[in-house]
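Colleague: Structure in structure tokens, see below.
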Number of protein chains: 2
Amino acid sequence: MSLIVQKYGGSSVANPELIDNVAKRVIEGYKKGNQMIVVVSAMGDTTDKLIDLMGQITDDPDPREVDMLLTTGEQVSIALLTMAIHSYGYPAISLTGSQMKIKTNEKHNQAIITDIDTSRLLKELAQNKIVIVAGFQGVNDNHDFTTLGRGGSDTTTVAVAAAVEADRCEIYSDVDGVYTADPRIVKNASKLDYISYEEMLELANLGANVLHPRAVELANHYGLKLYIASSFNNKLGTIVRGDDKMEGKQNVVGVASDINEIKITVERIPDQPGVAGKLFNSLADAGVNVDMIIQNLQRDNLNDITFTINNDHEKRAVNVLEKIKPELKINNYNIDRDVAKISIVGAGMQSTPGIAARMFSALGRDQINIQMITTSEIKISCLIKKDLADKAVNVLHEEFSLDRVNK
Amino acid sequence: MSLIVQKYGGSSVANPELIDNVAKRVIEGYKKGNQMIVVVSAMGDTTDKLIDLMGQITDDPDPREVDMLLTTGEQVSIALLTMAIHSYGYPAISLTGSQMKIKTNEKHNQAIITDIDTSRLLKELAQNKIVIVAGFQGVNDNHDFTTLGRGGSDTTTVAVAAAVEADRCEIYSDVDGVYTADPRIVKNASKLDYISYEEMLELANLGANVLHPRAVELANHYGLKLYIASSFNNKLGTIVRGDDKMEGKQNVVGVASDINEIKITVERIPDQPGVAGKLFNSLADAGVNVDMIIQNLQRDNLNDITFTINNDHEKRAVNVLEKIKPELKINNYNIDRDVAKISIVGAGMQSTPGIAARMFSALGRDQINIQMITTSEIKISCLIKKDLADKAVNVLHEEFSLDRVNK
């Protein structure tokens with residue numbers, strides 16, 4: 001008998017038939033004698049519909065009330081999934097984040113899990129019930145409902161699995177697993193059988209919508225192996241696990257593009273100590289996440305500083321720049337929205353020289369001009385023109401023979 | 001400064017514009033210096049939509065999970081109403097039944113309120129907040145969500161008003177108040193300025209959808225005056241209050257019809273002691289509410305027993321009859337669905353002889369045949385053919401000059 005925690009994303013429970021399908025999958029695991037805990041997201045576009053309703057009322061909703069509103073989404077899906085399991089004659093019970101006592105801090109809309117009191121959960125499991133848990137939500141010390149922000153259900157899943165020391169943690173969505181590239185962009189992208197936490201983290205951050213980075217970090221912290229697969233078929237998925245388990249490390253395991261970044265160049269600011277610090281501190285204070293940064297072209301003691309941010313944060317960034325313009329003697333700044341970030345990821349690249357050179361050469365051969373570069377231990381990213389993004393992903397996928405990974 | 005409890009029904013908060021309208025009404029009360037507690041139902045047809053979704057999953061849902069599902073309806077509306085109030089710059093906070101600690105017994109789908117812990121409510125009021133409360137829902141000792149069944153939001157409202165000893169309890173819906181008859185049936189029906197708990201109870205039981213009988217009983221128990229009005233206009237509504245406050249009692253204050261009853265006649269059962277008891281006990285055990293009863297035509301020591309029930313209970317009643325047929329030596333029974341119950345209500349009729357006679361004569365004059373009669377202290381009901389129901393209501397409304405009540 002194993003203790004299994006499963007998670008089904010919104011697309012896996014988008015309508016009653018799909019909920020029925022998930023019920024059958026859960027029952028299959030239960031019939032094998034396993035204890036089953038199932039974390040569920042809100043059905044399909046429920047959250048979007050609630051946000052739309054909210055938008056008709058106010059542009060500036062109170063975060064506490066947003067959580068009050070949004071937590072209903074998962075509450076609906078846990079009730080329906082539980083009923084579906086009952087309809088096949090199996091015992092099940094649904095629990096909200098508040099009933100599960102998924103304790104969080106006070107930070108509405110992006111709360112952090114501080115503790116899980118598993119007593120109710122374990123009591124229900126001991127009565128041989130399948131326990132259906134609302135993802136994405138928790139409760140603070142004031143008994144107010146909180147939500148965990150983007151990727152919240154993944155985070156709930158890993159946190160619950162860690163809290164009960166689950167034997168297996170399975171994340172189901174409409175994606176078969178982790179691919180070497182987005183299959184919509186690269187026709188012969190191949191599915192990875194294994195990926196390390198670090199690699200997954202880089203790929204998750206790059207927008208491969210399989211698994212949220214927070215959940216990956218948490219799984220890494222607890223050394224919890226994750227099994228990523230689709231709820232729409234029975235294909236083998238991808239296992240996310242510690243690096244030390246991997247043999248014959250692949251130099252590069254994936255290539256990804258992010259077309260949601262914009263590039264801001266602050267022109268000709270004085271080359272004095274503390275100026276860059278002031279600039280990026282101000283951006284951080286306004287909640288703007290800066291990704292790539294370069295400082296270049298020193299002339300007349302004036303610097304150009306270029307950085308990229310997510311396009312969601314453009315307005316905030318502009319507000320900051322306008323405010324600090326006089327103090328930092330910023331002459332001018334311009335925004336380039338016509339950019340994409342292309343990245344290759346692989347734990348093996350640390351120990352393999354020349355990966356970066358191969359990347360730059362391959363892009364150059366295909367006339368793809370590189371505007372900015374950043375590197376980390378297991379990732380190299382280049383900023384290029386947006387309309388070349390798909391081409392670049394294909395070029396790099398071929399350069400590193402990613403169609404033959406795991407084959 | 002008064003402490004006011006208001007309730008807005010589902011039709012009053014059916015869409016964002018209506019929610020905005022309610023927000024303005026609530027703020028108006030708050031600006032006058034009152035403390036405001038506002039109980040809200042689920043938006044318009046939300047509950048029906050959830051029930052439909054559930055119907056696509058199972059025919060036999062677990063009552064606990066039904067409550068898990070349905071309680072989301074009010075949770076959405078309290079969040080949205082609170083946001084709407086915030087958008088005008090006024091402080092407000094939403095509380096679910098569970099956060100409000102509206103404690104109930106374990107009976108899911110038709111739970112009974114056992115206690116309200118007002119500490120959180122009073123804390124928020126003390127911080128000058130408008131408190132928006134989810135109607136219809138509570139929480140049991142196991143931290144599971146419960147719902148109060150039909151009329152639940154009215155019941156929540158009166159219970160909360162009683163618990164905080166409110167100065168005023170106002171129930172808003174899409175109906176202007178309590179009428180002498182359904183204005184859709186009787187063109188010159190007039191609105192009552194006042195009605196007693198007992199009269200309201202009879203009318204509420206008769207299906208005048210203004211206020212649920214449970215709420216009326218509770219208000220009567222606590223001597224809480226209720227103010228019934230529409231949220232769609234500023235017309236004066238109807239005050240429901242204790243009988244002793246009424247001067248110049250009206251003989252008859254209202255006439256109502258109920259077309260949801262069916263008549264069952266059990267033919268020729270032995271006239272022995274205990275037979276009727278056995279019959280009606282069995283029906284009660286099966287949860288069948290019996291309304292009118294007559295036992296007639298004693299011949300050959302055999303009795304016919306005729307009774308009426310709500311048509312919802314037909315299947316249950318038939319099951320009971322089939323089961324006890326042999327034991328009670330029931331020869332045959334038949335079901336007549338072509339009936340309607342017409343009732344006149346008025347606290348004054350206790351002290352005014354001849355009201356019943358006038359009712360029967362008026363119906364007789366218009367060729368409306370009476371099949372069964374029941375009377376209580378403040379109500380007289382007759383069973384007639386269904387297609388004569390509207391005619392009968394109009395005949396009686398005119399007979400008792402109800403168009404001139406309060407004028």
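The values are calculated or read from the model by the stated rules, or taken from the named source; none is laboratory data. Bear in mind that the values here come from a model prediction, so they are computed numbers and not experimental data. Note that we place each Cβ from the backbone using ideal geometry, even for glycine, and neighbour counts take in every protein chain shown. Calculation scope for accessible area: heavy atoms of the full protein, side chains included, ligands and nucleic acids excluded. Shrake-Rupley method; radii C 1.70, N 1.55, O 1.52, S 1.80 Å.
Colleague: Give the whole-number value, in cubic angstrom per residue, of the convex hull volume spanned by the C-alpha atoms of segment A:3-174.
Modeller: Values: hull volume 16.8 nm³, N = 172.
About 98 Å³ per residue, rounded to a whole number.
Colleague: Take the rotation relating chain B to chain A, measure from its axis to every Cβ in chain B, and name the nearest residue with the distance in whole Å.
Modeller: With distances in whole Å, chain B gives B:THR72, 2.
Colleague: If you filter segment A:310-407 for GluC sites (Glu not before Pro), then keep DSSP loop positions with at most 16 other Cβ within 10 Å, what is left? Please report the intermediate quantities before stating the final value.
Modeller: Details: sites: A:GLU314, A:GLU322, A:GLU327, A:GLU377, A:GLU398, A:GLU399; in loops: A:GLU377.
Passing sites in segment A:310-407 are A:GLU377.
Colleague: If you restrict to DSSP beta bridges whose two residues both lie in chain B, what percentage is antiparallel, to the nearest 5?
Modeller: Rounded to the nearest five, the antiparallel share is 60 percent.
Colleague: A:HIS86 accessible area, nearest 10 Å², 1.4 Å probe?
Modeller: About 50 Å², ignoring ligands and nucleic acids.
Colleague: Follow-up. Mind pulling the angle between the C-alpha long axis of helix B:46-55 and the longest principal axis of chain B? Nearest 10 degrees, somewhere in 0 to 90.
Modeller: In chain B, helix B:46-55 runs at an angle near 60 degrees to the longest axis.
Colleague: Moving on to the next point. Run the label-point distances for A:ASN260 please: 7 Å along Cα to Cβ, every other copy, nanometres, shortest first.
Modeller: Those separations, rounded to one decimal, come out as 4.9 nm.
Colleague: Also, I was wondering about something else. Taking segment B:311-356 on its own, what percent of its Cα-Cα pair distances exceed 12 Å? List each step's numbers first, then the result.
Modeller: Details: 766 of 1035 pairs.
In whole percent, the share of Cα-Cα pairs in segment B:311-356 beyond 12 Å is 74.
Colleague: Taking every pair of Cα atoms in segment A:75-204, average 1/r, invert it to obtain the Kirkwood radius, and report Rg/Rh to two decimals. Write out the running numbers ahead of the final one.
Modeller: Numbers: Rg = 17.0 Å, Rh = 16.5 Å.
So for segment A:75-204, dividing Rg by the Kirkwood Rh gives 1.03.
Colleague: Heavy atoms only, probe 1.4 angstrom, no DNA, RNA or ligands counted: give me A:LYS386, B:LYS107 ranked by accessible area, highest first. Let's see the in-between values first.
Modeller: Working: A:LYS386 70, B:LYS107 115 Å².
Output order, biggest surface exposure first: B:LYS107, A:LYS386.
Colleague: Considering every residue in A:141-147, what mean count of other chain Cβ atoms within 10 Å of its Cβ is obtained? Please list the in-between numbers first.
Modeller: Values: counts 0, 2, 6, 5, 6, 0, 0.
If you average over the peptide's residues, the count of other-chain Cβ atoms is 3.
Colleague: Enter the mean projected area of the convex hull around the alpha-carbon atoms of segment B:291-382, in nm², rounded to one decimal.
Modeller: Numbers: hull surface 31.6 nm².
The directionally averaged projection comes out at 7.9 nm².
Colleague: With a 1.4 Å probe, how much accessible area is buried between chains B and A, both sides summed, in Å² to the nearest hundred? Present the calculation step by step, with values, prior to reporting the outcome.
Modeller: Details: alone 19260 and 19290 Å², together 35330 Å².
So the buried area, both faces added, is about 3200 Å².
Colleague: Give me the extension gain from B:THR375 to B:ASN310: residue separation times 0.36 nm, minus the current Cα-Cα distance, reported in nm with one decimal.
Modeller: Details: separation 65, 0.36 × 65 = 23.40 nm, distance 1.81 nm.
Length gained between B:THR375 and B:ASN310: 21.6 nm.
Colleague: Check each of the trypsin sites (Lys or Arg not before Pro) in segment B:1-85 and keep only those in coil by DSSP with at most 13 other C-beta atoms within 10 angstrom; list them in order. Could you put the intermediate results ahead of the total?
Modeller: Values: sites: B:LYS7, B:LYS24, B:ARG25, B:LYS31, B:LYS32, B:LYS49, B:ARG64; in loops: B:LYS32.
Here the sparse-neighbourhood loop sites are B:LYS32.
Colleague: State the percent of C-alpha pairs, over all pairs in segment B:249-407, separated by a distance greater than 20 angstrom. Spell out each step's value before the answer.
Modeller: Details: 6823 of 12561 pairs.
In whole percent, the long-distance tail amounts to 54.
Colleague: Taking the 0 to 90 degree range and rounding to the nearest ten, how far is the long axis of helix A:16-31 tilted relative to the main principal axis of chain A, both from C-alpha atoms?
Modeller: Roughly 70 degrees between the two axes.
Colleague: log₁₀ I(q)/I(0) of chain A at q = 0.08 Å⁻¹, via Debye over equal Cα point scatterers, no solvent, to two decimals?
Modeller: Once normalised to I(0) and log-transformed, intensities are -0.50.
Colleague: Right, next: Thinking of the protein assembly as shown as a set of Cα atoms, what percent of all their pairs are more than 38 Å apart?
Modeller: Values: 181895 of 330891 pairs.
Cα-Cα pairs in the protein assembly as shown separated by more than 38 Å: 55 percent.
Colleague: To continue, here is another question. At 1.4 Å probe size, put A:HIS143, B:HIS313, B:HIS221 in order of accessible surface, largest to smallest. Mind dumping the intermediate values first?
Modeller: Details: A:HIS143 115, B:HIS313 30, B:HIS221 140 Å².
These residues rank, largest area first, as B:HIS221, A:HIS143, B:HIS313.
Colleague: Excluding residues on the same chain fewer than 8 positions from B:LYS329, give the lysines whose Cα lies under 19 Å from its Cα.
Modeller: B:LYS278
Colleague: Near A:LYS123, which lysines are there with a Cα under 28 Å away, not counting those fewer than 8 places off in the same chain?
Modeller: A:LYS7, A:LYS24, A:LYS31, A:LYS32, A:LYS101, A:LYS103, A:LYS225, B:LYS101, B:LYS103, B:LYS107
Colleague: Residues of segment B:84-109 losing 50 Å² or more of accessible area relative to the isolated chain, 1.4 Å probe, heavy atoms only?
Modeller: Output list: B:GLN99.
Colleague: Output needed: percent of Cα pairs per 10 Å distance bin for segment B:131-194, bins running from 0 to the one holding the longest distance.
Modeller: Result returned by the calculation: 17, 35, 28, 15, 4, 0.
Colleague: Sticking with this structure for a sec: Rounded to the nearest 10 degrees, what's the angle between the helix B:63-87 long axis and the longest principal axis of chain B, both from Cα atoms, 0 to 90?
Modeller: That works out to roughly 40 degrees.
Colleague: May I pose another question? Which percentage, to the nearest 5, of the DSSP beta bridges contained in segment A:3-174 is antiparallel? Display every interim value, and only then the final one.
Modeller: Details: 6 of 26 bridges.
Of those bridges, close to 25 percent are antiparallel.
Colleague: Go through B:TYR197, B:TYR88 and list them by solvent-accessible area, largest first, probe radius 1.4 Å. Numbers along the way, then the final one.
Modeller: Details: B:TYR197 10, B:TYR88 95 Å².
Putting B:TYR197, B:TYR88 in descending order of accessible area: B:TYR88, B:TYR197.
Colleague: Also, quick follow-up: Solvent-accessible area of A:ILE380, probe 1.4 Å, all protein chains present, reported in Å² to the nearest ten, please.
Modeller: Accessible surface of A:ILE380 is approximately 10 Å².
Colleague: Nearest 5 is fine: what % of DSSP beta bridges in the protein assembly as shown come out antiparallel, could you say?
Modeller: On the way: 92 of 148 bridges.
Bridges in the protein assembly as shown that DSSP calls antiparallel: roughly 60 percent.
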